Structure formats: structure tokens, C-alpha cells
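Asks: Here it is: the structure, laid out below.
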Amino acid sequence: MGEAIDGMGGEASVQDDLPPGLLRGEDGRHRCWWHGNKQDYLVYHDHEWGRPVTDDRRLFEKICLEGFQSGLSWLTILRKRESFRAGFAGFDFEAVARFGDADVERLLQDAGIVRHRGKIVSTINNARRACDLAAERGSLAAYFWSFEPGPQDRPARCDHASVSVLAQTPASRALSKDLKKRGWSFVGPTTVYAFMQAMGLVNDHLEGCCVREEAERQRQALVRPT
């Protein structure tokens, strides 16, 4: 699926008795292929990816980490996530908004994260923009969920052929454009679509994946923030 699925990459399942894109795990369950049965990636697939999130701190963390992921694999970022959390005050955007030059230099010396000056500076900038946005809209969640696409804008069937081409969508382009207008950076439409997939604004678990129905039930039960 390339960059469309959180930059996860990888090829579809080669298990001939399964539909393309599904992988049978050691527990016998069928899942989207991209975790490759790597244990930490599999846990992320089963318990986080595609499940709806309305917590502002988690939303801010994810969109920042998607920016750091650009040009890398999501697995690289996932394995560094605790170090990112330690370095960026748990992604409390009000705290990160107060970071200054000394914090930038501190983070550039932190081997536990991706030491990219532009992305570090971007995260601090985005934290300041997040404060403005939360003040305007009441929460980041209310803002982000207002870009949730309707059923008419989703594939009729969520199989490998349809999902693998979704590097970006009209909804992700609209969200990216609005964020950029508000001064956010490292929020291109492909990055934003990966964020939407991960935070459950869309459910791109494939048909036949053991997580898909549960994630969809959670989405159906969710009271959308306003």
C-alpha cells in the first residue's frame, strides 16, 4: 500500500488461499498484511490503527509523528515513540508551544528520536498552531473530525485493490490545505491521509481482517466531537 498506509509499505499476502492483502498470523487470524507478523507492529495493528481517537493529545502526537515519518517507515517511528514522547513533553501541545531554541538543540542531541531540525522546529510551530486551533474550535478533535469523509466518498468495498491506491483523498487534501492555511507544516495530503487512517477517521482495515468489524463498531458508537 506504500505511503497510503502510514508509510508501512510491503507487499500483499502471498498466501494463495487468502485474498490479496491478508496475512494469516501465528494465531490463525487473518489481518491486513503490512505488519508482517512483527510483534510490536502487530500489536499496533490490532489495538491502535484505525480505531477512532478523540483525545487531543493523541491526535497532536500522531500528526506530528506522521511528519517525522515522512521519508522513513512507520515502524521506525513506532519503535522510537516513547523517546519522542519523553522529548516532546508527552505531546502536550501547550507545553511544546513554549519550547525555544534550547529545546531544539536538546532534541537534536537526542539519539532516541529522528534528529531532523526542520521536523523538530515544525513540531514546535504546529504546537503553537494547535493552541490557536483548540481555542477557536474548542478542541483539536472537533476540528479534525469535521473532515471525516461521508460514506459516498469511501470505496464500496475495502479490499486490497481499492485501499492500496488511496495515498490521498479529497478529504485529506481539504484537511491538508486548511492546516497549511493555518500555518501548520509537514502536513501534506498523503501525510494527512495516513493520520486519518490511523486515528479512525476512516476504517481501512481490509475486508476479512479480524480487526475491521470491531473498529467499525467503535466508529459507529462514537459520539463525534463538536
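Asks: Assuming 0.36 nm per residue, please report the length gained on full extension of the stretch Thr76 to Val223 beyond their Cα-Cα distance.
Replies: Here the segment from Thr76 to Val223 would lengthen by 49.6 nm.
Asks: A further question follows. 5 Å is the cut-off here: which amide hydrogens, built 1.01 Å from N in the peptide plane, fall below it relative to Gly200, excluding neighbours closer than 5 in sequence?
Replies: Gly50, Arg51
Asks: Let me ask something else. Could you list the square roots of 5 times each eigenvalue of the Cα gyration tensor of the range 104-177, that is, the equivalent ellipsoid semi-axes, sorted largest first and rounded to whole Å?
Replies: Working through the eigenvalues yields semi-axes of 31, 20, 9 Å.
Asks: Excluding residues fewer than 8 places away in the same chain, name every one of the lysines whose C-alpha is closer than 22 Å to that of Lys38.
Replies: Answer for Lys38, where 22 Å is the Cα cut-off: Lys62, Lys80, listed by chain and number.
Asks: How would you rank 187-199, 203-215, highest first, on the average number of other Cβ atoms within 10 Å across their residues?
Replies: Result, highest mean first: 187-199, 203-215.
Asks: If a helix is a whole DSSP H run, which ones in the chain reach 24 Å or further along their own axis (Cα) and hold a mean Kyte-Doolittle hydropathy of at least -1.0?
Replies: Membrane-span-like by this criterion, though nothing is claimed about a membrane: 117-137.
Asks: In the P(r) worked out for the chain, what percent of Cα pairs fall beyond 23 Å?
Replies: 46
Asks: Separate question: Stretched out fully, how many nm does the piece from Glu94 to Arg137 gain, at 0.36 nm a residue minus the Cα gap?
Replies: 13.9 nm
Asks: Just to compare against my own numbers: the Cα pair-distance distribution for the range 105-226, 5 Å bins, whole % per bin, please.
Replies: Taking every Cα pair in the range 105-226, the percentages come to 2, 10, 17, 20, 17, 14, 12, 7, 2, 0.
Asks: Rounded to whole Å and sorted largest first, what semi-axes of the equivalent ellipsoid does the C-alpha gyration tensor of the range 78-146 yield via the square root of 5 times each eigenvalue?
Replies: Output for the range 78-146: semi-axes of 23, 13, 9 Å.
Asks: Something else now. Can you tell me the alpha carbon radius of gyration of the range 28-124 divided by the globular rule-of-thumb value 2.2 N^0.38 Å?
Replies: In units of the 2.2 N^0.38 Å rule of thumb, it is 1.16.
Computed from the coordinates by the stated procedures, all read-outs in this text should not be read as laboratory data. Just so it is clear, the structure is predicted and the values come from calculations on it, not from any experiment. Note that we place each Cβ from the backbone using ideal geometry, even for glycine, and neighbour counts take in every protein chain shown.
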